[in-house]
Amino acid sequence: MNLTMHRTLGFKERRYIEELRILTKSTAIDCIIDDQFGRVIYVIKKGDMGIAIGKHGDNIKKMQRVLGKRIEMVEEAPEPASFITHILKPVEVGGLRKDETTGKYDIIIRKKGDLGIAIGKGGANIEKARLLSKRFFGIDIGEIIVEKELGRDEGNEQVQHT
């Protein structure tokens, strides 16, 4: 699985990507308008994140004024575990583990104190991880598990450690 999975962009998403390029001189490779959480999620080309955010977040603030929605940005990554790490920053992600029963991938985080951040207000962060993981890698995200709570004898496959 890689970033060349087929993704469809509507007129509004293409317009938002162009707006970002004009205002910030950065490149977004994808855009999701998430009405459930009142936000626009941009997936930013690797290496463009600094310019996309701008000094002191100025570009994000500018984009929020122009679009009238909260702006969230995630840097692209070549494989799922790194992508999840980018999505959930500043949470320390330990990797992904496939649940053989459900076929979904559980996100392993290193600190119990990061659980609230990983879930996000009203589930916004985990929902972003689910949307983007499915869209970019075709995988379904299951639960968030704290690393220290994992049993040693679990037979589930550890997919990637970052």
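FYI, it's all coordinate maths here, none of it is from the lab. These numbers come from a predicted model, not from an experiment. Here the Cβ positions follow ideal geometry from the backbone for every residue, glycine too, while neighbour counts run over all protein chains shown.
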Of K61/K112; K25/K69; K89/K121; K46/K112; K12/K62; K62/K112, which sit over 24 Å apart, Cα to Cα? K61/K112; K46/K112; K62/K112
Jot down the per residue volume, in cubic angstrom and as a whole number, of the convex hull over the alpha-carbon atoms of the range 11-75. 70 Å³
What percent of all Cα-Cα pairs in the range 20-162 falls in each 5 Å bin, counting up from 0? 2, 10, 19, 21, 19, 14, 8, 5, 2, 1, 0
Within the range 1-102, trypsin sites (Lys or Arg not before Pro) in DSSP loop having at most 12 other beta-carbon neighbours inside 10 Å: K25
Cα-based reach from K104 at 13 Å (exclusive), listing aspartates and glutamates while leaving out same-chain residues under 8 positions away: D140, E143, E157
As a test of the definition: which semi-axes, in Å, follow for the range 80-160 when you take the square root of five times each eigenvalue of its alpha carbon gyration tensor? Largest first, please. 18, 16, 10
